[in-house]
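Encoded as structure tokens, the structure appears first; notes follow it.
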Amino acid sequence: MPELGCLACDADTLAPMTDLDLRERHDLVDLMAELGPDAPTLCEGWTTRHLAAHLAIRERDLRAGPGILFGGPFASFTDKLMAKEMKRPYEAILARVRTPPTGPLSIPAVRSAMSFVEYLVHYEDVRRANGNAPRSDRPDLQAEAWKALSRLGPLMVRKAKTGRALKLVATGTTAGSKTFGKGATVMITGEPVELLLYLEGRRRAAVVTVDGAAEDVAAVDVGSFGV
């Protein structure tokens, strides 16, 4: 993905579930500031400067949306917007990321729906690329990640078009299971954040186990899930 000052980094002050996205946002910015602009991330080819620029234009330039969502012919224009953003001083980009813009994103429920998964995943992109282990002190984060999987799971499985059903088995403080899709079943087991990372394309970093027939596991392993 110098000291910028945290607007709300104390987890105890962010009790409402809709504020978990703010905690992830601020913690991510703090970590990127600590590591500097050239630190690696799990996003292939991206340093922390690239990631910060991506997050800034995602929220502050509507023209970036098609390239981020659909890629293809729209991606080159989004790349140009990112390149322009990256010309700003790194600290200025982080300052833009730290505070959500005015408009719909100033409404906590809307902001959380649009940003929770984004900031959770990208925080882990930076944490794990720089040697940090999975967090064990965030049961509220696990619970909210499980809710996100409940909402996004069907869409993710349809998008991947693997022809297999996924059974997600959550472990730890938030236990349960959900099955999405049709066909031979592949079972993926882990804490909700790890399951989310797996389905968001961070397979090698996600701490999960994957069970099923070899050909079915192979099909899921190369599937492009995401949203």
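The values are calculated or read from the model by the stated rules, or taken from the named source; none is laboratory data. Values in this document were obtained by computation on a predicted structure and should not be read as measured data. Virtual Cβ from ideal backbone geometry, glycine too; neighbours counted across all protein chains shown. Just the protein is used for accessible areas: all its heavy atoms, side chains included, with ligands, DNA and RNA removed. Shrake-Rupley method; radii C 1.70, N 1.55, O 1.52, S 1.80 Å.
Here are some notes:
- Selection status of residue 157, under 27 Å from residue 58 (Cα atoms), out of contact with any strand residue (DSSP E or B) (no Cβ under 8 Å at 6 or more places or on another chain) and not aromatic (Phe, Trp, Tyr): no
- Leading residue by the ranking (surrounded by the fewest Cβ atoms within 10 Å (Cβ to Cβ)) among those in the stretch 183-197 that are in contact with a strand residue (DSSP E or B) (Cβ under 6 Å, 6 or more places away or on another chain) and assigned to a helix (DSSP H, G or I): 192
- Just one of the listed residues (162, 174) is surrounded by fewer than 21 Cβ atoms within 10 Å (Cβ to Cβ) and assigned to a loop (DSSP other than H, G, I, E, B), namely 174.
- Candidate set from the stretch 62-72 (those that are at pLDDT below 85 and open to solvent by 30 Å² or more (accessible area, probe 1.4 Å)); member that is nearest to residue 125 (Cα to Cα): 68
- Filtering the stretch 135-154 to residues that are modelled with pLDDT under 95 and more than 20 Å from residue 111 (Cβ to Cβ) leaves 135, 136, 137, 139, 153, 154.
- Against the list (1) modelled with pLDDT of 95 or more; (2) outside any loop (DSSP other than H, G, I, E, B); (3) under 24 Å from residue 44 (Cβ atoms), the condition residue 157 fails is (1).
- Residue, least open to solvent (accessible area, probe 1.4 Å), within the stretch 99-155, restricted to residues that are aromatic (Phe, Trp, Tyr) and in contact with a Ser or Thr (Cβ under 9 Å, 6 or more places away or on another chain): 116
- Residue 198 of a type in the set (Phe, Trp, Tyr), in contact with a Leu (Cβ under 7 Å, 6 or more places away or on another chain) and within 27 Å of residue 68 (Cα to Cα): no
- Residue match in the stretch 25-37 (condition: closer than 20 Å to residue 227 by Cβ and in contact with a Phe, Trp or Tyr (Cβ under 8 Å, 6 or more places away or on another chain)): yes
- Yes/no for residue 120 being in a helix (DSSP H, G or I), within 24 Å of residue 155 (Cβ to Cβ) and touching a helix residue (DSSP H, G or I) at 6+ places or on another chain (Cβ under 8 Å): yes
- Flag for residue 56 being modelled with pLDDT under 90, open to solvent by less than 10 Å² (accessible area, probe 1.4 Å), assigned to a helix (DSSP H, G or I) and hydrophobic (A, V, I, L, M, F, W, C): no
- Residue count, the stretch 22-53 (criterion: surrounded by 22 or more Cβ atoms within 10 Å (Cβ to Cβ), hydrophobic (A, V, I, L, M, F, W, C) and under 17 Å from residue 132 (Cα atoms)): 5
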